[in-house]
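Below: one structure, written as structure tokens.
Computed from the coordinates by the stated procedures, all read-outs in this text should not be read as laboratory data. In this text the structure is predicted, and so the values were computed from the model without any measurement. Every residue, glycine as well, gets a Cβ built from its backbone with ideal geometry; the counts of neighbours run over all protein chains shown.
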Amino acid sequence: NSLSGTIPSQLSNLTRVTALLAHANRFEGVAPSFSQMRRLVNLTLYNNKLGGRLQLPSSGNLSLLLTQTNRLSCRIGADNTTVDPERNLVLPGNIFSAPVPSWLVTNDVQFLY
């Protein structure tokens with residue numbers, strides 16, 4: 001795709017979405033909050049120019065999280081989020097800071113880049 005511009009903050013109102021695949025576009029600006037998207041299972045935002053805090057679904061169950069090659073910063077917000085033990089997790093190319101969420105353990109990650 002070659003979509004560009006910002007991802008609207010109203011996206012968080014789509015509480016029934018299970019997959020958001022917005023990778024390999026030219027999105028820029030602050031990443032919207034995904035905290036209300038409790039059914040979200042797959043989130044791909046890689047290869048954009050998104051910045052700000054990555055706010056993940058609260059009480060969610062992510063199995064795929066790909067955010068590499070953005071400009072995401074600050075701590076990862078993910079209160080009460082659980083992640084599938086056979087998850088795929090890709091985060092490099094950002095500037096996250098501590099503390100790391102308790103669910104972010106790497107010994108059971110199927111694919112970690």
What net charge is computed for the residues neighbouring I7, neighbours being all others with C-beta under 13 Å from the C-beta of I7, Lys and Arg scored +1, Asp and Glu -1?
+1
Could you order the peptides 16-29, 34-47 from most to least packed, using the average number of other C-beta atoms within 10 Å per residue?
34-47, 16-29
Around E28: net Lys/Arg minus Asp/Glu count, Cβ-Cβ under 9 Å:
+3
